[in-house]
């Protein structure tokens, strides 16, 4: 579904394409598979509080809040405009989520740690994903769920639907691209990987923060 492009401080914010609001049955099926996979990994952690970093318009946090009303949810995004939309969406959905404007690079352990940190569809937008992962490792106490588009599958599907042809299917704003193997290698250099799911067309990884005993 087409949506107005949000650009804040020269950065594309939120979703380029409103996949959560699409009426296309195939796209709705894919998004439902993504949410189900994230929820499956969340349930395996038994976490009581979640902090979603890079929440966009709040759709994933809202979906988790609806499925697990007893869980405490916080969420942040670097864009004030996008956070305003997330707040509106959460009010319409009737769920209680604490939203704030913040960049992943600026989050502190004292104020932003959580049993489960969720960072989905964020790293591909970042010039320095390694710096972001260093922060995420500190905030995850102890779990992190992180996802990125599964390349080259993501770009091929864009080409099939006639999108971003001059970019060879690469979505505007995506400055990083990972295959399953390369993404697992990246995450494994920061955290202990527990489980990897690949609902088309994403890679989703559940991992756990390393302790000193893990490093022995």
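Odds and ends about this structure:
- Note on 108, 103: ascending count of other Cβ atoms within 10 Å places them as 108, 103, the fewest first.
- Residue exposure sequence - 166, 198 - by fewest surrounding Cβ within 10 Å: 166, 198
- Helical mean residue ellipticity (222 nm; -39500 (n - 2.57) per DSSP H run of 4+; nearest 500) of the chain: -11000 deg cm²/dmol
- Estimated inter-spin distance, residue 80 and residue 111, nm [label 7 Å along Cα→Cβ]: 1.6
- Restricting the calculation to Cα atoms, the chain shows an Rg/Rh of 0.94 when the hydrodynamic-style radius is the Kirkwood one.
- For the chain: relative contact order, % (alpha-carbon pairs under 8 angstrom, 6 or more apart): 18
- Estimated from the Cβ-Cβ distance and a Förster radius of 25 angstrom, the FRET efficiency linking residue 185 and residue 208 is about 0.90.
- Residue order, fewest to most beta carbons within 10 Å, for 163, 98: 98, 163
Every read-out reported here was derived from the displayed coordinates using simple, explicitly stated rules and does not represent laboratory data. Remember, it's a predicted structure, so these values are computed and weren't measured experimentally. FYI the Cβ positions are ideal-geometry reconstructions off the backbone, even for glycines, and counts take in every protein chain you see.
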